[in-house]
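The values are calculated or read from the model by the stated rules, or taken from the named source; none is laboratory data. Note that the coordinates shown come from a computational prediction; the quantities given were computed from them, not determined experimentally. Every residue, glycine as well, gets a Cβ built from its backbone with ideal geometry; the counts of neighbours run over all protein chains shown.
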Amino acid sequence: MKRVNRDIILLIASMGIFVEALDIAIVNLAIPEIEKDLGLTNHSSYQLQSLYILTYGCFLVLGGKLSDFFGRKKIFLWGTGIFLLTSLGAGLSHTFYSLLTFRILQGLGAALLMPAAFSIVNYYFTEPEERSKAIAVFSSFAAIGSASGLSVGGIITSYLGWSWVFLINVPILVVVMAVIYFILEKDTSVNSGLPDIPSAIVMVLVMLCITWTTDLLSEAAEHYPGILLCITGAAVLTWYLYTRLKTQASPLLSLEVLSLSSLKKGNLLFVLLGALFTGYLFMMSFLVQKNFHFSAASSGFLMMPFNILSVIVARFALPKIVGKISSRHLAVWGNLAMLAGAICLVAAVQYHNLVFLVAGGSFIAGIGMTLCFTGYSVIAMERVPAEHLGVGGSLTTTSYLVGGGLGLPLFAAFMDTTAGVTNSKPVLILLAIALLCIGILKRDDRQSARD
């Protein structure tokens, strides 16, 4: 395939993941308007985020397996089509339950779209150096989408209405589907059996148990029987899943792939990144609106420098950095930026200083997220075989979303959603996670030196 076509494929696959990443963050600053328009409580509006993330994370591995089985092009088109139609439905919704239904189905579309897009990039870029650069571009689009969501959501909500945080996806995805349909080569058939659906269902149940456990921990004294039941259920189901994966002729997940040290390390780092950045998004939306009393539009414009910085880092800095320094060093620099951002946010809370707030967001969303997401992606996928690229990509994103699901309740436990961030405890969690990631990466460097 010609180089120009591969570049177009990379761009379009990256646009698909950009929209998916944008959709996780874009709703945050729109939530007050949605609550006002639909008459919701804080708990109801929180479900718009938590259930989307939960559905997305629960079905990602199955989406990756379907991509490997039915073909990356076919599943990418199906996932994009579902995401497009549910975005349209969400934007046209006039009731909470209609909006919630379409939001959940959006998660299903994202679970098909993301691993297929990742598999496409890995399939068309095979040489180690060019694959690293392609993954860097692809991951930077995801990071930019995540970083720009708050800003874009606030501006769109104020000037066009909250419906357009969903409707904006439609024209972008129409173009993405058309280009992929006409440019991508036809999928090759796979003669193995159907994916192991029972294992996929068990995996969904395990994630539900983990998520429910985390949600109940905020009131542990009242819900300890439920917590104990969820932990027991997760342990029993995990044991059953492991046993099934060992005995199936065509397992949902290859234990050999799961045992790859690079993938295990990458997944652990993505769990921590998901907790850090999802917690940051949740916390930042309250900081700017409750602590500093900005409107949704003003909040969006305030966060615009984060988006610009993220684009500059992804467009100009990353292509020059990738290949010259290792993915681990790239990730370390990303976590140092996260660390600097957390320190600035602590100062912003303590001294009620807007300069520290902007600096903190710039370090975390503008620099740290882009470098960490890119570095972790390369670390995780560097040894995954081509026939398992879809599942490998889905596992990293599943890890990120699991981290987000675990991190949100943790951050919320230290916050007052009516008053905002009243102390530095939730911000110190960001700092602790960044330090932990640096420790993991430095330990890996020492092990590599010994080997």
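A count restricted to the range 112-144 and to residues that are in contact (Cβ under 8 Å) with a residue 60 or more places away in the chain and closer than 22 Å to CYS58 by Cα stands at 11.
Within the range 238-254, residues that are loosely packed, with under 12 Cβ neighbours inside 10 Å have Cβ atoms under 6 Å from residues that are in a loop (DSSP other than H, G, I, E, B) in no pair, counting only partners at least 6 apart in sequence or on another chain.
Residues in the range 23-44 that are crowded, with 20+ Cβ neighbours inside 10 Å and among the small types (Gly, Ala, Ser) were compared, and the one that is modelled with the lowest pLDDT is ALA25. On the stretch given as the range 302-321, residues that are among the small types (Gly, Ala, Ser) and touching a residue at least 12 places away in the same chain (Cβ under 8 Å) total 2.
Of all the criteria given as (1) in a helix (DSSP H, G or I); (2) loosely packed, with under 15 Cβ neighbours inside 10 Å; (3) assigned by TED's automatic domain parsing to the domain that holds PRO426, the one not satisfied by HIS293 is (1). Of the residues making up the range 65-75, at least one is among the aromatic types (Phe, Trp, Tyr), touching a residue at least 40 places away in the same chain (Cβ under 8 Å) and surrounded by fewer than 24 Cβ atoms within 10 Å (Cβ to Cβ).
Whether any residue in the range 255-268 is at pLDDT 80 or above, not charged (D, E, K, R) and not in a helix (DSSP H, G or I) is what I want to check. There is at least one residue in the range 255-268 that is at pLDDT 80 or above, not charged (D, E, K, R) and not in a helix (DSSP H, G or I). You will find that of LEU410, LEU430, LEU441, the residue that is in a helix (DSSP H, G or I), farther than 30 Å from GLU130 by Cα and at pLDDT 85 or above is LEU430 and no other.
Evaluating VAL288 against the criteria (1) surrounded by fewer than 17 Cβ atoms within 10 Å (Cβ to Cβ); (2) in the same structural domain as VAL427 (by TED's automatic domain parsing) leaves one unmet condition, (1).
Applying the criterion of being assigned to a loop (DSSP other than H, G, I, E, B) and touching a residue at least 12 places away in the same chain (Cβ under 8 Å) to the residues of the range 322-380, the residue that is surrounded by the fewest Cβ atoms within 10 Å (Cβ to Cβ) is HIS352.
Step by step: first the residues of the range 213-229, then only those that are at pLDDT below 75, within 21 Å of ALA275 (Cβ to Cβ) and among the hydrophobic types (A, V, I, L, M, F, W, C), then the one that is surrounded by the fewest Cβ atoms within 10 Å (Cβ to Cβ). Which residue is that?
From the range 213-229, those at pLDDT below 75 are 214-221; that's our starting set.
Restricting the remaining residues to those that are within 21 Å of ALA275 (Cβ to Cβ) gives 214-220.
Narrowing further to those that are among the hydrophobic types (A, V, I, L, M, F, W, C): 216-217, 220.
Numbers: LEU216: 19, LEU217: 15, ALA220: 11.
Once the filter is applied, the top-ranked residue is ALA220.
Could you check the range 126-167 and list, in sequence order, the residues that are closer than 30 Å to SER326 by Cα, crowded, with 23+ Cβ neighbours inside 10 Å and not aliphatic (A, V, I, L, M)?
Across the range 126-167, the qualifying residues are PHE138, SER139, SER140, PHE141, GLY145, SER146, SER148, GLY149.
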